[in-house]
1. Quick one: the Cα spread of segment 42-179 along its three principal axes, in angstroms, biggest first?
2. Mind listing the phi-derived Karplus ³J(HN,Hα) values for segment 117-129, rounded to whole Hz, using 6.51, -1.76 and 1.60 with θ = phi - 60°, and x for any glycine or proline?
3. Looking at this model, which pairs from 67/104; 25/95; 67/168 are more than 26 angstrom apart at the alpha-carbon?
4. Would you mind calculating the relative contact order of the chain from Cα pairs under 8 angstrom and at least 6 residues apart, reporting the percent as a whole number?
5. Determine the gain in length on full extension of the stretch residue 169-residue 77; use 0.36 nm per residue of separation and subtract their C-alpha separation, reporting nm with one decimal.
6. Highest mean first, what order results for 33-40, 82-89 on Cβ atoms within 10 Å?
7. Using just the helices of the chain, give the 222 nm mean residue ellipticity in deg cm²/dmol: DSSP H runs with n ≥ 4 each add -39,500 (n - 2.57), and the total is spread over all residues, rounded to 500.
8. Who wins for biggest fluctuation among 156, 117, 22 in a Gaussian network model of the chain, springs between alpha carbons below 10 Å?
Amino acid sequence: MPLFPSLGETPHLGVVFQAFPDAVKPLLQYHDIVLRGDSPLSIAERELIATYVSGLNACTFCFGAHKIYAKVFGIEESLIDDMMEDIDTAPLPAKIKPILAYMKKLTVLPANMRDGDAKAVYDAGWSERALYDAVQICALFNFMNRIIEGTGVTFDYGETPPTNDELKARRTRTYMDYGRQLGIIE
């Protein structure tokens, strides 16, 4: 039996949002601010962080969705696969590795965060604003991963990849646009 029988056997996040729309607008606004607003982190880097956190949480839906977004913004799919296998040996830019290490610890062992974790990020050349933006992405995706897993969303983008036209559209689509597409936001 599905976790939420009213959502059907294989619900998509859009079905969840349509069934429980009350907080969707501020949630999608926050997504737009954190993932598409001004930041020292590029959109590709932010999508990489979202993908990484979702992968750490084994959230297939968000991992797949944001792996697609990372790809749309220039991250090679093989790099993401390498990152998930071993962050230390993945051919990532050296500058991003301390942020990803911080995200891993914040996701897996948040009570163990120490000054040295932040120092490694600053030593790599990032500002406090960049680290704060990364922390917000980490928090957002730990939150979203719980919504996905807690409501039984099972859609897998790996099994149903978007078309080339859908990929192009994702480059300019905002999260609020997604809410409008679902008929939740005017």
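1. Reported extents, whole Å, longest axis first: 43, 31, 29.
2. Here the 3J(HN,Hα) series is 5, 5, 4, 4, 5, 5, 5, 7, x, 8, 8, 4, 4 Hz.
3. Beyond 26 Å between Cα atoms: 25/95.
4. Computed over the chain, the figure is 36 percent.
5. Values: separation 92, 0.36 × 92 = 33.12 nm, distance 1.85 nm.
Gain on extension, residue 169 to residue 77, equals 31.3 nm.
6. For the peptides 33-40, 82-89, the packing ranking is 33-40, 82-89.
7. -19000 deg cm²/dmol
8. Comparing 156, 117, 22 in a Gaussian network model of the chain, the most mobile one is 22.
Where a number appears in this text, it was derived from the coordinates with a stated rule and is not lab data. On a predicted model such as this, the values are computed, not experimentally measured, just so you know. Heads up, the Cβs are rebuilt from the backbone with ideal geometry, glycines too, and the neighbour counts pull from every protein chain shown.
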